[in-house]
Amino acid sequence: MKNFEITSSPIDLDTFRNCLVDRSCGGYAQFEGWVRDHNEGQPVLRLEYEIYEPLALKEGERILAEARERFGVTRAAAVHRGGLMEITEAAVVVGVASPHRQEAFEACRYVIDQLKVRLPIWKKEHYADGRAEWVNCQRCAEHGHPPHPREAPL
Amino acid sequence: MQVTVRYFAAFREATGLETETVDSGAPSTGALFEECRQRHPGLVAWDASLVAINDEMVQWDSPVSDGDEVLFFPPVAGG
């Protein structure tokens, strides 16, 4: 079974968790990222994720392998949604099982933090006033430092 | 050399292109981005933009070779 998956349909959270049950593990930590109804003071109607799958799948597996190695956890897996999503849906789920709880918490935190900054995934928010913006790029614009004076992004 | 450039998300919208083939003498991915920005003024060098070559993440000073497929990623926002 693959540890990192991308899906365009709702994540089956029960199945996800049950696949990680392991007789040697006494602790299981799970993180779910949900679609919320606002961002930076603006009402959000829905989200759209664009994913470059070939690299996202590769990098996702790499992050999970790092988590197992660094924290010595027994199982680590994650699923990320793509496409259009409605408020309250789970956009991402991370699950980590280990003999004891501390490593499970730490590894789970590591995985979600790395997934957010390393995977080629982009989030477009659709607002109540009809506008739609790419998250992070819009933030750059609001804080007034585009276009960048520098020659190339670093 | 000839390379294929692919634009994603906000970069695709800024250039109006998913992909283009370019003749370039750019020594690095960063220099190639700058060349593309000259042709597509809407392309902005955001902080935290990422770059990959042939489906492997690389750096902005990584070399580019003939036949490479270079992927320009605007700041990511997964999760």
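Taking segment B:16-32, which residues are surrounded by 15 or more Cβ atoms within 10 Å (Cβ to Cβ), within 12 Å of chain A (Cβ to nearest Cβ) and in a loop (DSSP other than H, G, I, E, B)? If the condition is that a residue be surrounded by 15 or more Cβ atoms within 10 Å (Cβ to Cβ), within 12 Å of chain A (Cβ to nearest Cβ) and in a loop (DSSP other than H, G, I, E, B), then B:A26 is the only one that fits. When you check A:R46 against the structure, is it at pLDDT 95 or above, over 14 Å from A:I112 (Cα atoms) and of a type in the set (D, E, K, R), yes or no? Spelling it out, it is not the case that A:R46 is at pLDDT 95 or above, over 14 Å from A:I112 (Cα atoms) and of a type in the set (D, E, K, R). Residues in segment A:104-154 that are in a helix (DSSP H, G or I) and modelled with pLDDT under 50: A:R139, A:C140, A:A141, A:E142. Please state which one of A:A128, A:A132 is in contact with a His (Cβ under 8 Å, 6 or more places away or on another chain), in contact (Cβ under 8 Å) with a residue 60 or more places away in the chain, over 20 Å from A:L20 (Cβ atoms) and among the small types (G, A, S). Testing whether each residue is in contact with a His (Cβ under 8 Å, 6 or more places away or on another chain), in contact (Cβ under 8 Å) with a residue 60 or more places away in the chain, over 20 Å from A:L20 (Cβ atoms) and among the small types (G, A, S) leaves just A:A132. Inside segment B:27-79, residues that are modelled with pLDDT under 95, over 15 Å from B:A10 (Cβ atoms) and touching a Leu at 6+ places or on another chain (Cβ under 6 Å) make up a count of 2.
Could you identify the single residue in B:A77, B:A10 that is free of Cβ contacts under 8 Å to residues at least 12 places away in the same chain and surrounded by 22 or more Cβ atoms within 10 Å (Cβ to Cβ)?
On the way: B:A10 fails: free of Cβ contacts under 8 Å to residues at least 12 places away in the same chain.
Only one candidate qualifies: B:A77.
Could you please give the count of residues in segment A:62-103 that are of a type in the set (S, T, N, Q), in a helix (DSSP H, G or I) and either in contact with an Asp or Glu (Cβ under 6 Å, 6 or more places away or on another chain) or within 14 Å of chain B (Cβ to nearest Cβ) (or both)?
Looking only at that region, the number is 0.
The values are calculated or read from the model by the stated rules, or taken from the named source; none is laboratory data. What you see is a predicted model, and the numbers here were worked out from it, not measured in a lab. Using ideal geometry, Cβ is built from the backbone for each residue, glycine included, and neighbour counts are taken over all protein chains shown.
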